[in-house]
Each structure stands twice: as structure tokens, then as C-alpha cells.
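Working notes for the structure below.
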Amino acid sequence: MLDIKLIRDSPDLVRTTLQRRNLDPAKAGLDELIALDAAWRADQQRVNELRAERNAASSEIKKLSGDDRQAAIARVKALKDELASIEAGLAERSEQRDRLLRAMPNLLADDVPGGHSDEDNAEISRWGEPRQLGFEPRDHVELGQLTDTIDFERGAKVAGAAFYYFKREAVLLEQALLAYAARELMPRGYIPIATPDLAKDEILDGIGFAPRGPETQVYSVENSDLSLVGTAEITVGGYHGGEILEAESLPLRYLGYSHCFRTEAGAHGKESRGLYRVHQFTKAEMFVLCTPESSIEHHEEIREIEESLLKGLALPYRVVNVCSGDLGAPAFKKYDIEAWMPGRGRYGEVTSCSNCTDYQARRLNIRYRPEAKASPRIVHMLNGTAIAVSRTLLAIYENYQREDASIEIPEVLRPLMGGIAQIPSRG
RNA sequence: GGAGGAGUGGCCGAGUGGUCGAAGGCGGCGGUCUUGAAAACCGCAGACGUGCAAGCGUCCGGGGGUUCGAAUCCCUCCUCCUCCGCCA
């Protein structure tokens, strides 16, 4: 969430941000929030005064006895009743205020392009040339069938549409990709961390996911406050919740491994074929906690790492700067990296990275102490995909396919697959 | 699953109704001493809210209650530990 002080001091900045995000400030309740906050502060002040009075009167009581004591107790009781009535209103106001405050999206970086959908994302670079295959490329669904390594039909039979089985070399390929991420990132200071696949709703909410409700993308567990995580961003972000970190420990770089579960409500349509949009996949996620001064720099570093991972796999890609309308509430700025996907004949998102500045950290109350004795400050948090297995595997299948439907294994992954150099066609 | 015990500041740990935001220790910071460092000694130090500030308020796992007053009493939830059972 935003700092309430920012909203008090710079309401116009917040108003402009909402407009850039194609949100109506009135509908978002900005003015309502400002009014509510002012009223809340007035109430708070009044309550403080009454409490001070009550505390003072109360501490006198122990010195009194007899009728004086009884009279004093009666006075304090009256004060208490008055206080209770204001406190009730205060609690309600504070709740409303928090609800509106938490609903405000993050500020935007100056260079976030305006726009309404992913079509308005701004391409900023390209790397690699799509291979000249010299034959009509198959898509990964067909390749998965012909190699007997991806089984969507039985996935649907057992778990429903958009579930799948990996078999044979695909299993090794998944493990190789996950190992590849660790091998590349550990030298860069990333700490591998395998996280729970479920998290409490309050953590989901802290990261900016709506755990329940009609719009949710999240599977929740009945009769509990747990949900299946959509990304390790949730569990790694929650890892330091409520803590005050030492300045020397920053930046903290994590490589979080988890399964990811997404309902993809309302997303059934064009992209529903194959691995591109599935209900479950495995992912290695980069997560960085750093000082506010360094987050922009770290964002660029994460983007650079994501590019280097794709370069290592020799997958052609382009980088886009995600436009304001396509940006989630916690993100200050986000890059998508889109690999070439021959089966679709275009680029498709395989990784992305977001600078969420202090938005999530404030909700999760993650701070650091700049130096001894100094007051704590909110950290900045960033996340980025190292490897999303499903989409990366999709891109490898389609880019490395041969005419006979066998699939070459990218050079860097072969040592991680016991030397396997190709997936044979079994068609 | 059953039975007990415990959750206090960065850490350890006192504290069973008022003067406790909380002794003491460790760690931290500043200083004295020293060529420098260590040791020793002296001192300073919680978080949050509000306020220009002084201050005031809130916070002793979470929530609720009793009381004029709760770290302290009651209820409830969570977490951890020990023992038993069960499973691996």
C-alpha cells in the first residue's frame, strides 16, 4: 500500500497515478480516503486526550480511600463511557480508511508507457533471430504427443482442463531447467529457497493477491485461511514479514522454488491450448529485498539476469516495458520478456520482473535499519521469473524441434540431464 | 489424536493487579583510558501513531473479557517445547 502521508502531502501525484492507470480517482475513493483520514485524525486526537485524562485520574485513585475513592471511580467510569462511544466510531473509520488505502495501487515509474492492454507494451530490445527451420513447425502440444513426453488428455481426465503430465525426458528437462537457474544465480548471490506451496490469506493479501472473492485467481483451501500460492513471490515475500533487517544484510537475493497454482478465471480463450496458460506449473522465482535507493538498479539487474538465462538457452526473445493499464497494483514498473514461439508464430511471455518498491513491504511490515540507532525504513522488494518451467519448456520444444518431431536439448542443459542431447520422436 | 508446559524489547531473561515500556545480562552505539586494539569503567539506546515541538496515546504471541487500573486475572485462537499414541 501507499504511505498515507504521501496521500496527505501529495494527493495530486496519487490522482495522476490513478489516471495513468486508467482508473477514475473518484471511483477509487481518493477524496473519500482523504476526508476519512482527516476525520480519523481528529477522532484520534480527541481519544488521545480523553485517554490521557482517564489515565491521570485513574492513577490518582490508589492514593484515595473511602468516599473520595468511590467518587473518583465514578468519575473515571463516566469518562470511560464517553471514550467507548468515540472509540467505536474511530475503529470503524480506521477500518474504512485502511480498506481504501490498501486498494490504492502503487505509484508508477515515469517511464511506464501509457496504455490499456498488453498491445500497448513498449518493445525496448530484441535478441536473437528465430531459427530458420525449413519446414512447417509443430506446436509443443503436438510435439509433446509425438515424443510421448507431455500428456494433456490424461491431465484433463485426472485433474481437469489445463492440467498435464510430464513424462520421460520432459521430467528431466524440468529438473534441468530448475537446476540451471540455481547454477546460474547462486554465483550472483542468490540464496536458493524451497518454499511452502500454501500460504495464509493475509500473506497473499500482503503481496497484493486477492485470496478470495469472485475475481480471485487463487485456489483456496476450504475451512482454513490457506490458499495455494500462484508464485513463490508470495512465500518468499512473506518470509521476512514483520522483521527489521540489518542494513548490512541488504540486498537479500532469493531464488524461491515453488509450484504455482492459478485458477485463470476468465482466461479461457485463445491462450488456453497447451502449456501457455495452465493451472499448475513449477517455477524458480527471483526475489530481492533492498534499500529504496537501489531498487531501480536491482530491477535492471534482474532483467539482465532474465535475459542471460534465455541467452544461455539460445532462445530468441524481446523485452517489453509493460504499459500502465497492464500493470498490477503492486508494480511500480515491470518488464516482460517474451520468447519466440514458432507454434504461435509470435513472441510470448516467458518471464517478467517487477519493481514493487515499498508497496508490498509496507503491507508486510518489512523494514531495515539504515544504521545503528536510526529509525527503521521500509525496504523495497522486487521479483522476477528465473524459470517458469511450463512456458520455458514450451519455447524449447518449439524452437528446438526437428522435422521428424524429435527435439534437440539446449547445450547448457545436457550436463544437467545426464548427457541426453535430444528427445526422440516416438510417433 | 491425547496429556502437560511455555510464548516479554535485536537476543537471553526477571517480573502474578497501580509508581512497568518493563530489572539484569549479552549484543549495539557514544565516551574515558591506550601508539592502536582488547579489557575495564562511564553514558546512550524499543516500535508505531499523532503533533512544528514539548508532549500525549498505543504496543509484553493474536483476539475478546473482568477491573477505576492488566505483562500480571478469565475466555478463545495461534505458535513452540516435552511425554504418549499413530504414521513415515
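The values are calculated or read from the model by the stated rules, or taken from the named source; none is laboratory data. All figures in this text were calculated on a predicted structure; none of them were measured in a lab. Because the Cβ atoms are built from the backbone with ideal geometry, glycine has one as well, and the counts that use them run over all protein chains shown. Side chains are part of the model used for accessible areas, which takes the heavy atoms of the whole protein and leaves out ligands, DNA and RNA. Shrake-Rupley method; radii C 1.70, N 1.55, O 1.52, S 1.80 Å.
Results, tabulated for the structure shown:
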item: Where A:Ala39 falls short, out of the listed (1) over 23 Å from the mean Cα position of the chain (by Cα); (2) open to solvent by 70 Å² or more (accessible area, probe 1.4 Å); result: (2)
item: Hits in the range A:363-419 - residues which are of a type in the set (Phe, Trp, Tyr) and modelled with pLDDT under 95; result: A:Tyr368
item: Filtered residues of the range A:33-57 (kept if within 8 Å of RNA strand B (Cβ to nearest atom) and touching a Ser or Thr at 6+ places or on another chain (Cβ under 9 Å)); result: A:Gln44
item: Among the candidates A:Ile378, A:Ile396, A:Ile387, residue that is assigned by TED's automatic domain parsing to the domain that holds A:Pro130, closer than 26 Å to A:Leu6 by Cβ and surrounded by 16 or more Cβ atoms within 10 Å (Cβ to Cβ); result: A:Ile378
item: Counted residues, the range A:95-116 - those being open to solvent by 40 Å² or more (accessible area, probe 1.4 Å) and more than 30 Å from A:Leu36 (Cα to Cα); result: 3
item: Qualifying positions in the range A:305-326 - open to solvent by 20 Å² or more (accessible area, probe 1.4 Å) and within 19 Å of the chain's Cα centre (by Cα); result: A:Gly325, A:Asp326
item: Of all residues in the range A:58-67 being near RNA strand B (Cβ under 7 Å from one of its atoms) and assigned to a helix (DSSP H, G or I), the one that is nearest to A:Leu83 (Cα to Cα); result: A:Ser58
item: Test: residue in the range A:323-338 that is within 16 Å of RNA strand B (Cβ to nearest atom) and acidic (Asp, Glu); result: no
item: Which numbered condition A:Gly242 misses (of (1) of a type outside the set (Phe, Trp, Tyr); (2) in a strand (DSSP E or B); (3) over 23 Å from A:Ala181 (Cα atoms)); result: (2)
item: Residue match in the range A:257-266 (condition: touching a Cys at 6+ places or on another chain (Cβ under 9 Å), open to solvent by less than 30 Å² (accessible area, probe 1.4 Å) and within 22 Å of A:Ile387 (Cβ to Cβ)); result: no
item: Set A:Arg277, A:Arg303, A:Arg318: member being among the basic types (Lys, Arg) and at pLDDT below 95; result: A:Arg277
item: Any hit, the range A:355-367, residues being within 16 Å of RNA strand B (Cβ to nearest atom), assigned to a strand (DSSP E or B) and of a type outside the set (S, T, N, Q); result: yes
item: Residue in the range A:362-370 that is without any contact (Cβ under 8 Å) to a residue 24 or more places away in the chain and assigned by TED's automatic domain parsing to the domain that holds A:Ala314 present; result: no
item: Unique residue being in a strand (DSSP E or B) and either touching a residue at least 24 places away in the same chain (Cβ under 8 Å) or charged (D, E, K, R) (or both) when the list is A:Arg126, A:Arg93; result: A:Arg126
item: Residue count, the range A:136-151 (criterion: touching a residue at least 12 places away in the same chain (Cβ under 8 Å) and open to solvent by 40 Å² or more (accessible area, probe 1.4 Å)); result: 6
item: The one condition in (1) under 30 Å from A:Phe135 (Cα atoms); (2) outside any loop (DSSP other than H, G, I, E, B); (3) among the small types (Gly, Ala, Ser) that A:Ser425 fails to fulfil; result: (2)
item: Filter result for A:Lys5 (part of a helix (DSSP H, G or I) and either β-branched (Val, Ile, Thr) or farther than 28 Å from A:Ile366 by Cα (or both)); result: no
item: Near pairs, Cβ below 8 angstrom, 6+ apart or cross-chain, from the range A:25-51 (in contact (Cβ under 8 Å) with a residue 60 or more places away in the chain and among the aromatic types (Phe, Trp, Tyr)) to any residue that is more than 12 Å from RNA strand B (Cβ to nearest atom) and open to solvent by less than 90 Å² (accessible area, probe 1.4 Å); result: none
item: Among the residues listed as A:Tyr276, A:Tyr335, A:Tyr257, the single one being in contact with a Leu (Cβ under 8 Å, 6 or more places away or on another chain), in contact (Cβ under 8 Å) with a residue 24 or more places away in the chain and not in a loop (DSSP other than H, G, I, E, B); result: A:Tyr257
item: Single unsatisfied condition, A:Ala109 versus (1) within 10 Å of RNA strand B (Cβ to nearest atom); (2) in contact with a strand residue (DSSP E or B) (Cβ under 7 Å, 6 or more places away or on another chain); (3) not charged (D, E, K, R); result: (1)
item: Which numbered condition A:Asp205 fails, given (1) open to solvent by 10 Å² or more (accessible area, probe 1.4 Å); (2) part of a strand (DSSP E or B); (3) of a type outside the set (S, T, N, Q); (4) more than 14 Å from A:Met381 (Cα to Cα); result: (2)
